[in-house]
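Working notes, beginning with the structure itself.
The values are calculated or read from the model by the stated rules, or taken from the named source; none is laboratory data. Just so you know, these numbers come straight off a predicted model, no measurement behind them. As a convention, Cβ positions derive from the backbone with ideal geometry for all residues, glycine included, and neighbour counts pool all protein chains shown. Heads up: the accessible areas ignore ligands, DNA and RNA and are worked out on the full protein's heavy atoms, side chains in. Shrake-Rupley method; radii C 1.70, N 1.55, O 1.52, S 1.80 Å.
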Amino acid sequence: MIVQSLLDLAEREKLIEEPGLQLKPLDWEIHINAAGDIQRLVQRVAEDAKQRPKAMIPTRLVRSSGVRPQLLVDKADYAVGVSDSVKATASVRDKSKKVERLRQSFVQMIAMCRRIADETDSALVAAQVRAMEKLLAEPALLFAHWHVAGKSKTLYALDDTFRQVPADWLGNHLFGYVVDGKRVWEDPPVEAWLHENIFSFYEVEGAGEIRCLGYGELMKPVDKHIVFDFPGDTGQLPLVSFNNDADYHYGAKNNENAPFSAQASFGIAAAIARLQGNGEVKGQTAKRQCVRLNDNTLALYWSDQEQQAMDLNVGLDEAEEDEILKAEQVWKKIAFSGRPDAVSEDLGRLFTLIMSREKSRMVIRSARLSSLPQVAARLLTYFEELAIVSPWPDRELRGYRGLRRLVDAVYPRQPGGKRLREPPPDLLNRLWNCALFGDAYPDFLLGELLRNARLPTERNTRGHGAMALIKAILQRNYKDTSHRTEEIRMDINAEHPSQAYHEGRLFALLQEIQRLALGDVNAGIGDRYLGNAMVSPRQSFPRLLKLMTHHLHKGRDGDRAGALFNREREVIQVMARIRDNFSEFLNLPEQGLFMLGYHHQRAALVRPSTARKEKAAETPITEAEEK
């Protein structure tokens with residue numbers, strides 16, 4: 001289903017109408033005349049200095065460990081016959097092997113170009129062949145135009161010399177020939193030949209037809225599966241690879257276990273590249289439809305109906321506030337355009353594919369689909385569950401935060417960016433499925449968050465993101481239980497039925513009373529007692545209430561006596577809910593409710609409610625006291 005959907009996307013957006021060309025880096029242009037004389041060597045530069053310059057070039061062939069030239073455009077060892085792999089200090093045997101490989105690479109590239117020139121009768125390709133033959137006979141012709149200004153690198157040429165080239169040359173840079181101002185592969189007969197013959201370079205030579213998994217028709221099988229660009233990776237990675245005897249199943253071996261045609265392989269590769277934002281669709285730059293979950297994992301998404309496309313980068317990845325609000329309106333429109341509890345084929349389906357880079361290949365982690373109304377409704381629910389009051393008065397009460405920020409809330413980074421403990425590698429994948437498909441949160445997350453909350457102030461994670469995630473986990477994983485988590489609000493709830501919740505509120509009030517009475521102290525009750533109080537309130541609160549009496553007595557005659565009176569009054573109200581019968585032991589969900597009550601009460605102390613603002617004249621609270 002996923003494979004067919006990717007092929008449908010490629011056909012719908014006409015991604016493989018011209019399979020012979022693709023948008024890839026082109027770093028150097030060798031300008032020649034019709035006689036094959038080199039006129040100049042030009043290094044191309046991208047607008048973004050961090051990116052390689054791109055152009056439409058002949059589609060890249062899959063190249064493994066053997067010698068195999070590309071079509072007209074290739075690296076320096078194939079395109080101009082020079083390499084940095086041959087070292088002056090190498091042994092005679094090692095050097096001779098690498099020199100022979102370099103010569104084979106260049107000679108086979110010339111043979112490939114000569115074949116194309118013969119079959120297309122192109123004067124431009126013929127000029128490229130003449131230029132390459134001259135370089136084979138006299139490599140110094142190239143270096144006469146490859147000027148060095150500043151730092152340099154050493155390359156080996158086939159005349160058995162080592163020469164200096166600019167230091168910004170890299171081994172993966174691609175070279176293309178330009179004849180009298182026109183790129184060789186842009187010659188109409190050459191371009192038509194590339195589109196017509198590209199699939200033949202991928203098919204198994206002499207093989208019979210197989211039933212293609214992509215199209216369901218009898219077609220010639222692909223020899224080597226298409227490779228993919230992965231963001232941040234300098235090379236290309238195959239999605240399917242067969243390297244050992246384990247790939248032998250039920251009498252079928254190697255590619256027989258994944259029977260795809262070259263057309264299907266091309267379509268899948270083009271669709272994945274399109275979802276990564278590479279290439280153009282209808283004359284415009286392709287819109288990126290993937291979220292980078294971590295350095296090695298991408299989540300791709302697409303719809304089977306173009307008009308119902310959803311932008312999941314907003315909210316699940318980092319985004320600006322105005323972008324989030326616009327996306328929310330789209331989600332609502334889709335969610336309420338049909339019944340969220342029923343699959344509606346008319347409204348379209350959303351497909352997701354999670355791919356990871358593992359060593360030298362790509363690995364599919366998960367592939368799922370659902371109706372668009374269901375996904376939109378789940379997204380709205382997901383963000384509603386994460387919405388929690390902010391302890392900072394100048395911030396909105398919003399629940400939008402990227403997936404990576406949620407992981408940082410559970411596994412915080414220390415100064416310098418390093419974590420004390422690394423998260424499980426599949427955590428972001430599972431959070432992605434929580435958001436889009438309504439999966440329960442991983443069981444260990446609540447324990448990790450509560451463990452972190454018990455740490456001293458300088459190491460704990462009682463921040464906004466951690467509390468939002470605790471709230472979301474309680475509402476989803478413990479719904480319809482005796483803990484009444486469905487009654488958790490984004491702001492304080494003085495009528496919540498859970499005693500653990502009010503015990504958390506009480507701790508926040510006692511902590512505020514200490515601050516008002518003593519000011520900032522090195523180790524307050526938050527550092528000394530919070531960990532014990534959230535596990536065993538009955539053991540900790542009697543001691544804390546005695547400390548409160550001392551704090552009230554000490555601050556009664558100070559300039560914060562009014563604020564202390566208000567806090568004492570709130571303590572009495574909360575104690576009325578607890579009835580002096582503290583919990584003996586709190587389990588994990590109850591500890592989560594304790595921390596939410598603590599967070600809500602602290603936020604209420606900083607962000608006054610409307611009722612408290614109306615009573616500000618009776619019980620004034622200064623700005624310093626709120627902080």
Students often get this wrong: which residues of region 174-196 have the backbone nitrogen under 19 Å from the point 7 angstrom along Cα-to-C-beta of Gln108? 174-175
Determine ³J(HN,Hα), in whole Hz, for all residues of region 33-46 in sequence, where each value follows from phi through the Karplus function 6.51 cos²θ - 1.76 cosθ + 1.60 and θ = phi - 60°; x replaces Gly and Pro. 9, 5, 7, x, 7, 6, 9, 6, 10, 10, 8, 7, 10, 7
Ordering of 289-297, 85-93, 194-202 by packing [mean C-beta count within 10 Å, highest first]: 289-297, 194-202, 85-93
Can you put Ser360, Ser96, Ser482, Ser390 in order of accessible area, largest first, using a 1.4 Å probe? Ser482, Ser360, Ser96, Ser390
Tally Lys and Arg at +1 and Asp and Glu at -1 over the other residues with C-beta under 13 Å from the C-beta of Phe541: what net charge comes out? +2
Using label points projected 7 Å from each Cα along Cα→Cβ, tell me how many nm separate Asp37 and Asp480, to one decimal. 8.5
Sorted by packing (mean other beta-carbon atoms within 10 Å per residue), highest first, where do 164-176, 498-510, 422-434, 374-386 land? 498-510, 374-386, 422-434, 164-176
Once Lys and Arg are counted +1 and Asp and Glu -1 for all other residues with Cβ under 9 Å from that of Gln601, the total becomes 0
What is the sum of charges around Asn433, taking Lys and Arg as +1, Asp and Glu as -1, for the other residues whose C-beta is under 13 Å from the C-beta of Asn433? +3
Just the ratio, please: alpha-carbon radius of gyration of region 1-153 over 2.2 N^0.38 Å, N its number of residues. 1.23
Please compute the length gained on full extension between Ala561 and Ala137, using 0.36 nm multiplied by the number of residues separating them and subtracting their Cα-Cα distance. 143.1 nm
Looking at region 5-46, which GluC sites (Glu not before Pro) are DSSP coil and have at most 12 other C-beta atoms within 10 Å of their C-beta? Glu17
How big is the gap, in Å, between the Cα center of region 163-188 and the Cα center of region 34-94? 7
Could you order Met467, Met56 so the one with the most accessible surface comes first? Probe is 1.4 Å. Met56, Met467
For Ser91 and Asp48, what is the calculated FRET efficiency with R₀ set at 51 Å and r taken between the beta-carbons, to the nearest 0.05? 0.75
Whole-Hz Karplus couplings 3J(HN,Hα) for region 70-84, θ = phi - 60° and coefficients 6.51, -1.76, 1.60, Gly and Pro as x, run 7, 8, 6, 10, 7, 6, 4, 5, 8, 7, 10, x, 10, 7, 9
Length gained, Asp84-Lys151, 0.36 nm per residue minus C-alpha separation, equals 22.6 nm
Given points 7 Å out from each Cα along the Cα-Cβ axis, report the Val204 to Lys359 separation in nanometres with one decimal. 2.4
Determine the shape class of region 509-552: with a ≥ b ≥ c the square roots of the Cα gyration tensor eigenvalues, call it rounded for a/c under 1.5, and otherwise prolate if a/b is greater than b/c, oblate otherwise. oblate
Between Val521 and Asp118, how many nm apart are label points set 7 Å from Cα along the C-beta direction? 9.2
